[in-house]
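Data first, discussion second: the structure below is written as structure tokens.
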Amino acid sequence: MRTIRFLLQKEFRQIFRNRAILLLIGVMPVMQLLILPLAANYEVKNINLSVVDHDHSSYAQKLIAKVTASGYFKLRGYGASFKEELKKIESDRSDLILEIPEGFERKLIREDQQQLFIAVNAINGVKANLGGAYLTSIIKDFNDEIRIGLLPTARFNPGPVIEITASNWYNPLMEYRFYMVPGILAILVTMIGGFLSALNIVKEKEFGTIEQINVTPIKKHHFILGKLIPFWVLGNIVFSLGLLVAWLVYGIIPVGSLFVLYGFLAVYLLAILGFGLLISTFCDTQQQAMFIMFFFMMVFILMGGLFTSIDSMPDWAKLVSSFNPVSYLIEVMRMVILKGSSWKDVWPQFGIIALFAVLLNTYAIINYKKTS
């Protein structure tokens, strides 16, 4: 213990002397948590809509007014023909075309049916799917309103009515920030812990100070623990700052126990710091460590479930994600903060992360060579 205490004193002194690290810990997570959740929003609004109205009837005008009043669409103008409006889609000035045929109102009243044509720019798949779904839903509502107004009640509703009542659990107002903030906080903790630990041993190699440590009787596990514990403490500080920002700025208060959150994070940090130290033992320069860590971080972030649900990935991607420690932290953060999950619910993820922590740190200790 005495050896580790001396190592910790050395590491903490080095950290507090480095203003860049202090700024990285104190400012970066706060700034990113203030900016990223507001920018990373999957709710699609301001969809550019072009209308080709061949009917110019009162029903057509009501339909257009209903669509534009929904808040999802921005009317880009009326065109005389579909061909003319298609040029707007080709030049990215429009996302959707709604074509109302001639005789729309007349046929709707006399023949009780009419068809509308919707063309969607599908380069952006998310925007195309949501835009088409929004417009279809609005047209369906408009159709129901007309039926109620035109048809007698007995004819319109001959059979029993099935009433569907939806309730949004865990995020009643479907605030996208509530979904993103826990995930972004998990990424920030991972990035800071992973990069700092990956660069640490390599920095000793570049400065030549590791040779002085290697000639001392310090054992390999003492050395790894001396490198790991300070960043474990810093990781917890960053996490606490993130929770504070989430509460003060976004009003997010964990529904579940903080003990579960911090307990899981404690083991998770051991795993991700062990991974960073393992990379550090393989590399000879900070540049090498930076590039390797950057490669893994890209995989961790994009396949961690922050932006894309892991359940919707193909089977091979799900298999890769099962080896991604970030995916477990993001999942547990959302479970505990939004659902109030307990230890019983997060036990499987905790077991996997604990296994990661043991394997990665053991490998880092074995791979660190005092004779190099």
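Round to the nearest 10 and give me the degree value, 0 to 90, for the angle of helix 125-150's Cα axis relative to the longest principal axis of the chain.
Helix 125-150 sits roughly 30 degrees off the main axis of the chain.
Take V249 and E206, extend 7 Å from each Cα along the Cα→Cβ direction, and tell me the distance between the two endpoints in nm.
Reported label-point gap for V249 and E206 is 3.0 nm.
Can you say what percent of the DSSP beta bridges in the range 1-131, counting only those with both residues inside, are antiparallel? Round to 5.
Beta bridges within the range 1-131, antiparallel portion: roughly 25 percent.
Given points 7 Å out from each Cα along the Cα-Cβ axis, report the T216 to Y363 separation in nanometres with one decimal.
2.8 nm
What does the convex hull of the alpha-carbon atoms of the chain project to on average, in nm²?
With the hull built on Cα positions only, its mean projection is 24.9 nm².
So for L265, L196, what's the accessible-area order with a 1.4 Å probe, most first?
The ranking, largest first, comes out as L196, L265.
Once amide H atoms are built 1.01 Å from N in the peptide plane, which residues 5 or more positions from I47, or in another chain, come under 5 Å H to H?
It is F73, K74, by chain and number.
Per residue, how large is the accessible surface of the chain? Use a 1.4 angstrom probe and give square angstrom.
55 Å²
Fully extended, how many nm does the chain gain between Y262 and E111 (0.36 nm per residue separation, minus their Cα-Cα distance)?
47.9 nm
So which lysines pass the test for K87, namely a Cα distance under 18 Å, with those fewer than 8 places away in the same chain ruled out?
Excluding near neighbours in sequence, the set is K74.
Loop-only GluC sites (Glu not before Pro) in the range 1-85, please: DSSP not H, G, I, E or B, and at most 10 other Cβ atoms within 10 Å.
Listed in order of number, the matching sites are E43.
So what is the orientation-averaged projected area of the range 261-336, using the convex hull of its C-alpha atoms, in nm²?
Mean orientational projected area (the range 261-336, Cα hull): 5.5 nm².
If you line up the long axis of helix 58-69 against the longest principal axis of the chain, both from Cα atoms, how many degrees apart are they, to the nearest 10?
Long axis of 58-69 versus the principal axis of the chain: about 10 degrees.
To the nearest 10 Å², what's D144's accessible area with a 1.4 Å probe?
Roughly 50 Å² of D144 is accessible to a 1.4 Å probe.
Sort the range 52-111 into rounded, prolate or oblate with this rule: let a ≥ b ≥ c be the square roots of the eigenvalues of the Cα gyration tensor; rounded if a/c is under 1.5, and if a/c is not under 1.5, prolate when a/b is larger than b/c, oblate otherwise.
Oblate.
Which of rounded, prolate or oblate describes the range 215-372 when judged by the alpha-carbon gyration tensor and an a/c cut-off of 1.5?
prolate
Restricting to DSSP H runs of at least four residues, report the calculated mean residue ellipticity at 222 nm for the chain, -39500 (n - 2.57) per run over all residues, nearest 500 deg cm²/dmol.
-22000 deg cm²/dmol
I'm checking a number: the convex hull volume of the Cα atoms of the range 191-238, normalised per residue, in Å³. What is it?
Taking the convex hull of the Cα positions in the range 191-238, it is 66 Å³ per residue.
Tell me whether the range 1-66 comes out rounded, prolate or oblate; compute the Cα gyration tensor, take square roots of the eigenvalues as a ≥ b ≥ c, and use a/c under 1.5 as the rounded threshold.
Here the range 1-66 falls in the prolate category.
Need one number: % antiparallel among DSSP beta bridges in the chain, to the nearest 5.
Counting DSSP beta bridges with both partners in the chain, the antiparallel share is about 25 percent.
For Q61 and W347, calculate 0.36 nm times their separation in residues minus their Cα-Cα distance, and state this gained length in nm to one decimal.
Length difference between fully extended and current span is 97.3 nm.
Using Cα pairs closer than 8 Å and at least 6 residues apart in sequence, work out the relative contact order for the range 48-135, in percent.
Here the relative contact order equals 34 percent.
How large is ³J(HN,Hα) for each residue in the range 10-15, as worked out from phi by the Karplus curve 6.51 cos²θ - 1.76 cosθ + 1.60 (θ = phi - 60°), to whole Hz, x for Gly and Pro?
Here the 3J(HN,Hα) series is 5, 5, 5, 5, 4, 5 Hz.
In what sequence, largest accessible area first, do L36, L360 appear using a 1.4 Å probe?
L36, L360
In debye, nearest 20, what is the charge dipole magnitude of the range 1-138 about its Cα centre with +1 on Lys and Arg Cβ and -1 on Asp and Glu Cβ, if you could check?
1400 debye
Taking the Cβ of D55 as the center, what net charge do the other residues with Cβ under 9 Å away carry, scoring Lys and Arg +1 and Asp and Glu -1?
-2
Tilt of helix 286-302 relative to the longest C-alpha principal axis of the chain, in degrees (0 to 90, nearest 10)?
Compared with the principal axis, the helix lies near 40 degrees.
If the cut-off is a Cα-Cα distance under 21 Å, which lysines reach K227, setting aside same-chain residues fewer than 8 apart in sequence?
K10, K203, K205, K219, K369, K370
Quick check: net charge around L24, other residues with Cβ under 15 Å of its Cβ, Lys/Arg +1 and Asp/Glu -1?
Computed value for this residue: +3.
Quick one: net charge around Q115, please, counting Lys, Arg +1 and Asp, Glu -1 for every other residue with C-beta under 15 Å from its C-beta.
-3
Any aspartates and glutamates with Cα under 12 Å of the K45 Cα? List them, leaving off those in the same chain fewer than 8 positions away.
D95
The values are calculated or read from the model by the stated rules, or taken from the named source; none is laboratory data. None of the values given here were measured: they were computed from a predicted structure. In this analysis, Cβ positions are derived from the backbone assuming ideal geometry, glycine residues included, and neighbour counts consider all displayed protein chains. Just the protein is used for accessible areas: all its heavy atoms, side chains included, with ligands, DNA and RNA removed. Shrake-Rupley method; radii C 1.70, N 1.55, O 1.52, S 1.80 Å.
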